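The values are calculated or read from the model by the stated rules, or taken from the named source; none is laboratory data. Given the structure is predicted, the values throughout are model-derived calculations rather than measurements. Counting neighbours? That spans all protein chains shown, and the Cβs are built from the backbone with ideal geometry, glycine included.
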Amino acid sequence: MQPLALMPMFATSLAFQFALKKATTEGKITICVLALVSMFSWTVIITKARQIYRARKMAKKFFKAYRATRDPLELARQGADYDGAPAFELYYTGAEELDYHLKNNPVEVKGEKKISNSSFDSVKVALERVASAQALSLEKGMIVLSTAVAGGPFLGLLGTVWGVMETFAGIAQVQSASLTAMAPGVAGALIATVVGLLVAIPAMFAYNFMFTSIRAITQELDNFANEYAIQIEHKYVDNRALADELGDAFKNLKEGAFEPAPALVKFER
């Protein structure tokens, strides 16, 4: 004797098996297509859930380490690695671009190496590019979930309508409209709608949760890009006024005017 708690589940299982057995060929094809969609959907759900979890975990560690530093390049110089955090990918790309300009296009300001505003524009472009790439990486595969949510019930409904149509056509041919003759065909047709809903409902909840999480991570990434750019500007960008730049240039020119030119020294007797 089955336990009382398992009897409804057992009855549901029997009903599902009966309906699947009575489904038409077209209904079974529809169910197979839905099973394929469900497989892709669950693959995306598991993959994206792991990606989002890792992104949140590593981003939390990265932000804690970054905000404990004073120099925007300190973590990069230490060789820190926070793989999986979108913000770290943005940070590292910005640090590489900044380091390139400090080595190849430096501006000397009171003995310190800085970069010009045009070089800083290149750094900001690199940050924007990485922010967009990370957002696209997070959103990759979400189209599968939205397709499952929107298309699953309609595919199931197609199989149901098709099955009901064949059931009524068969009843018309045998000229028997009894419930006994109709029930197996209708049950076999309705199973397609049930499967369609079973595909769409988990995908809907997963899509809403992941979309909200991705939007939060993307917003956090944009905020960090602005924060990082401001800190780079304060620390490494030559923001002197034009008058100060001209004054420093004139001072350097004046100091260099009393040094003998190499060409003249070479040809002196």
Filter region 116-125 down to the residues that are of a type in the set (A, V, I, L, M, F, W, C) and surrounded by 17 or more Cβ atoms within 10 Å (Cβ to Cβ), then identify the one that is farthest from Ala225 (Cα to Cα). Phe120
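Table: residues versus (1) under 19 Å from Phe224 (Cα atoms); (2) within 14 Å of the chain's Cα centre (by Cα); (3) among the hydroxyl-bearing types (Ser, Thr, Tyr); (4) in a helix (DSSP H, G or I).
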site: Arg54; (1), (2), (3), (4): yes, yes, no, yes
site: Lys64; (1), (2), (3), (4): yes, no, no, yes
site: Ala76; (1), (2), (3), (4): yes, no, no, yes
site: Tyr82; (1), (2), (3), (4): yes, no, yes, no
site: Tyr92; (1), (2), (3), (4): yes, no, yes, yes
site: Val107; (1), (2), (3), (4): no, no, no, no
site: Lys114; (1), (2), (3), (4): no, no, no, no
site: Gln134; (1), (2), (3), (4): yes, yes, no, yes
site: Gly156; (1), (2), (3), (4): no, no, no, yes
Failed item in (1) outside any helix (DSSP H, G or I); (2) without any contact (Cβ under 8 Å) to a residue 24 or more places away in the chain; (3) of a type outside the set (A, V, I, L, M), with Cys32 passing the rest: (1)
Just checking, which of Ala49, Ala76, Ala68 is modelled with pLDDT of 90 or more, surrounded by fewer than 11 Cβ atoms within 10 Å (Cβ to Cβ) and not charged (D, E, K, R)? Ala68
Report yes if Phe18 is farther than 29 Å from Lys235 by Cβ, at pLDDT 90 or above and among the aromatic types (Phe, Trp, Tyr), otherwise no. no
